[in-house]
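Each remark here refers to the structure printed beneath this line.
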Amino acid sequence: MEAPGDLGGLGSLGAAEALSVAEALSLPAESYGNDPNVEMVWAMKAYQHAEVYFNLISSVDPRLLKLTRLDDKIYTIFRSEFPDLRIDVIDPEDLKSPAAKEKWRPFCMQFEKEVEDFNYGTLLRLDSSKEYTEENTIFSTRIQFFAVEIARNREGCNDAVYNHRAKEAAK
């Protein structure tokens, strides 16, 4: 990952380039194949989201955060379908193994019409007590991100990040 604030040039786009990127991202996926430029824009967008989210949980008590209008529903369904999933430190196999994908798919699809961009790629920290780094990050869908992070906030897993920042600010 790049240093915080360095978005690989996305921040330096002019209005015309930004409009061009926005227009390109609105086309159907079939229009692209495996266009590396589109993949880079999506990666930068995911990184921006991760950076904003980490700054948020570092600055505001995570237990007070509301990530979506459906937080209660997402959390209730997530914990009913994944009651024993360890969320403080996620095992990538719990998201990526064939068995895990089979279990996650119906969970995710429940939110297809309720959560905008529910299946967009998002970066998720593996260890909730640490920052986003290449070693501590996995690619997930947006609804998986919401499910895990809402649970982390409610269950106190993100308190370490908030408390660390508060201690640093007090010095």
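The values are calculated or read from the model by the stated rules, or taken from the named source; none is laboratory data. Every value quoted in this text rests on a predicted model; they were computed, and no experiment measured them. We place every Cβ from the backbone using ideal geometry, glycine too, and count neighbours over all the protein chains shown. Quick note on the areas: whole protein, heavy atoms, side chains included, nothing else; ligands and nucleic acids left out. Shrake-Rupley method; radii C 1.70, N 1.55, O 1.52, S 1.80 Å.
Quick notes on this structure:
- Residue pairs whose Cβ atoms lie under 7 Å apart, separated by 6 or more positions or on different chains, with the first residue in segment 123-141 and over 13 Å from Ile57 (Cα atoms) and the second among the charged types (D, E, K, R) and open to solvent by less than 60 Å² (accessible area, probe 1.4 Å), are Asn136/Arg125; Asn136/Asp127; Thr137/Arg125.
- Residues of segment 94-129 satisfying the condition of being of a type in the set (Asp, Glu), open to solvent by 70 Å² or more (accessible area, probe 1.4 Å) and part of a loop (DSSP other than H, G, I, E, B): Glu112, Glu116
- Selection status of Phe145, aromatic (Phe, Trp, Tyr) and assigned to a loop (DSSP other than H, G, I, E, B): no
- Number of residues in segment 130-145 that are open to solvent by less than 40 Å² (accessible area, probe 1.4 Å) and farther than 22 Å from Tyr75 by Cα: the value is 2.
- Here Ile77 clears all of (1) under 26 Å from Val41 (Cα atoms); (2) surrounded by fewer than 20 Cβ atoms within 10 Å (Cβ to Cβ) except the condition numbered (1).
- When Lys96, Lys103 are checked against the criterion of being basic (Lys, Arg) and more than 18 Å from the chain's Cα centre (by Cα), Lys103 stands alone in meeting it.
- Candidate set from segment 148-158 (those that are open to solvent by less than 30 Å² (accessible area, probe 1.4 Å) and not in a loop (DSSP other than H, G, I, E, B)); member that is nearest to Leu70 (Cα to Cα): Ile150
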